[in-house]
Amino acid sequence: MEGLVLLAAGLVVAVVGLGLRSGTEVKPPELAPLGEQAHRRIEQALAGQARALEPRAVAAGHIRELQAALEMGADRATFQDLLDNEDWWSSVRTSFPLSAIIADGPLAVVGPGASGLAESEIVRRAHEHGVASGILPGNSRAFIAAAATVSPTKRPGVAPVILVATLLDGPALKTVTALTGDSVGLSDGTRVLEAGGTGEPARELGSLVGREANGPLLLGDGRMGAAWPAGGGLWLLGAFAAPPPPKKPENWGLWLMISGAVLSFAGLVAIVVRRAPRDGARPAERSADQATTASLLNPGTPAPGPHSEGHSRRPVMGGGPPPPASPVADPLADVRARSHDGSVLSRAVDVAPSSPARMGRYELIERIGEGGMAEIFFAAARGAENFVRYFVVKRMHPHLARNQEAVNQFIDEGRLQSGLVHSNIVPVFDFGKAEGEYFLALEYIHGKDVGQILQRHVEQFGRPLDFRTASFIVHDVLEALAYAHSQIAKDGTPMDIVHRDVSPGNVLVSYRGEVKLTDFGIAKSDRRVSSTEVGLVKGNASFMSPEQARAEAVDVRSDIFSAGLVLFYCLTNQFLYRGETTLNRLLRAAVGPATSQFDHIDKLPLPAAKILRRALALDPARRYPNAVDFAQDLSAQ
């Protein structure tokens, strides 16, 4: 009886111990949530670095010269040239390995290219919110980037975007490590491109390369590692501390199982001893008892009686790949510019057969030029006793006679220039209309324009004009401007005349040495009937002030700037603004002289360099305030 009690007690204790042991088994920590936490930490640290660039992108978009180029519809080649060379973009070039202007596509990119700039998520969000930042994938590299829209701008279509970016390199990743405590790297799936962290982060993170898509992994140094897509086939790597293993519970279950087994064994022994054969016991009974004892002591030995089946449970584990990400796009258009030809004395051309032989009392002898407003003829007016006097006749294009604004402008030119009586201004003697066509008659200057004189001098002597000759010409031009700028209307108020087309073709020098300024056709005056359309730029693009090229309000200091450009041209035989097309020269003019061009000016003889530095100042407030002061500086040399 005691044996059965011990056996039952032993079995109960063993079963209880087995239950305790299976219920307190230590389970390893789940890795996925830990990887997500590390990803959030690293992303927040990188986002902070990217946000710090946003004010720089906004400031770059407010550069005045850049806005002027955008509003004038510069093409991609011109924009690339501007960003590569102009001084106003130099601080961006030196501060950022990558900078770009993006419209319907990249207008210009400075630095190593990043793929799909126009379709990038950062540019898309900048269009939506005005400014955005983040990680920008490139070709085997990544950038920390910020983008901002350029506003306001008159350029049609979607607002252009300025993008600036620094490399996501070792120093940037070390900053992330300092904030998060994680080792961070960048891979292309075959090698670690950049790494930051303590110890040897590149070696530590190298075990993740090629296994980036496998999810969080336990690394060889006892840390955990994970990788996240960064776009463009790149992966962001992170190694972070694994949590300490959970403390194992006391092995009470095991001890109870052992104790239960001992009790069961003792009970079995007691039963066997009690059932040992006495004298007279039958051999068959003994063999049955022995078989039962053998089956209990050796579980592998089958015991007589019915068999029971056992079931085992095996844990099933599974997972899936992380979801992918995607990008977007946008559009744009361009602008036209118009130019004006102001030369009165151009290379002689025969009178066109369709042109009339006379305009009123003027006989048209030879057609010597053509501008956007009129044809220009060498003409004669004859009188009694073989009297003849020669003039220049500007005949308005017939198709413009139906345009009242053009007619008003032509009438304004006649009225304005006829009222300017000065020895250095070509006078207008007559204004008329013959057979429905308007014309102006001006004094004929027997000589050449300054552009022709300079070219002839270079051909004869192999060099431009000397400072004394050039300053003599420009001095007299300034005398003409000083007179025009100071004109007072009959009611005593200033007329505010600004020539707006001071250029070599409009400065004539007679064979007697007289210098004459001509062509006030696009002059600005508050007394004019006609007006220039807002945003329409008129004049010679090679000799414009920045504010005139940008179609902004101009005053007498704009003519000062143009006179300075004429002086520079006479001394160097070069245009300060260079470009293959009128539009490109206009864009250069809108930007104004760059540092490299001022360096060229500084190499001129000292009086010229000092005078030109002031006359060509980008800020009108730093130029000569009027033509008189400019002329005095020239005459003092």
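Structure notes:
- Test result for S471, of a type in the set (S, T, N, Q), open to solvent by less than 60 Å² (accessible area, probe 1.4 Å) and under 43 Å from the mean Cα position of the chain (by Cα): yes
- Per-region count, region 419-461, residues assigned to a loop (DSSP other than H, G, I, E, B) and within 25 Å of I497 (Cβ to Cβ): 10
- Flag if V421 is over 20 Å from I368 (Cα atoms), touching a residue at least 24 places away in the same chain (Cβ under 8 Å) and surrounded by fewer than 18 Cβ atoms within 10 Å (Cβ to Cβ): no
- All of (1) surrounded by fewer than 23 Cβ atoms within 10 Å (Cβ to Cβ); (2) closer than 18 Å to N540 by Cα; (3) not acidic (D, E) hold for A594 with one exception: (2).
- For region 614-627, the condition of being touching a Phe, Trp or Tyr at 6+ places or on another chain (Cβ under 7 Å), charged (D, E, K, R) and open to solvent by 10 Å² or more (accessible area, probe 1.4 Å) holds for at least one residue.
- Any chance H62 is more than 12 Å from the chain's Cα centre (by Cα), open to solvent by 40 Å² or more (accessible area, probe 1.4 Å) and at pLDDT 85 or above: no
- Here R191, R211, R203 are screened, and the one residue that is free of Cβ contacts under 8 Å to residues at least 24 places away in the same chain, within 20 Å of F143 (Cα to Cα) and not hydroxyl-bearing (S, T, Y) is R191.
Yes or no, residue by residue, for (1) closer than 29 Å to P546 by Cβ; (2) among the β-branched types (V, I, T); (3) touching a helix residue (DSSP H, G or I) at 6+ places or on another chain (Cβ under 6 Å); (4) surrounded by fewer than 24 Cβ atoms within 10 Å (Cβ to Cβ):
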| position | (1), (2), (3), (4) |
| --- | --- |
| Y438 | no, no, yes, yes |
| E443 | no, no, no, yes |
| G462 | no, no, no, yes |
| Q487 | yes, no, no, yes |
| S510 | no, no, no, yes |
| G513 | no, no, no, yes |
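- Among the residues listed as A52, A69, A57, A45, the single one being open to solvent by 20 Å² or more (accessible area, probe 1.4 Å) and of a type in the set (G, A, S): A52
- Test set (1) among the aliphatic types (A, V, I, L, M); (2) open to solvent by less than 20 Å² (accessible area, probe 1.4 Å); (3) touching a Lys or Arg at 6+ places or on another chain (Cβ under 9 Å); (4) over 19 Å from A470 (Cα atoms) - L576 fails condition number: (4)
Each row is one residue, and each column tells you yes or no for (1) more than 26 Å from H485 (Cβ to Cβ); (2) buried (at least 21 other Cβ atoms within 10 Å of the Cβ); (3) not aromatic (F, W, Y).
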site	(1), (2), (3)
G369	yes, yes, yes
A384	yes, no, yes
Y390	yes, no, no
H399	yes, no, yes
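- Count - residues of region 401-418 that are out of contact with any strand residue (DSSP E or B) (no Cβ under 8 Å at 6 or more places or on another chain) and either crowded, with 20+ Cβ neighbours inside 10 Å or under 19 Å from S510 (Cβ atoms) (or both): 3
- Residues of region 154-198 that are open to solvent by 40 Å² or more (accessible area, probe 1.4 Å) and farther than 24 Å from L117 by Cβ: K174, T175, A178, L179, G181, T190, R191, T198.
The values are calculated or read from the model by the stated rules, or taken from the named source; none is laboratory data. Predicted, not measured: the structure shown is a model, and the values here were computed from it. Neighbour counts run over all protein chains shown; Cβ positions are idealised from the backbone, glycine included. The protein model used for the area step is the full one, side chains on, heavy atoms only, and it has no ligands, DNA or RNA in it. Shrake-Rupley method; radii C 1.70, N 1.55, O 1.52, S 1.80 Å.
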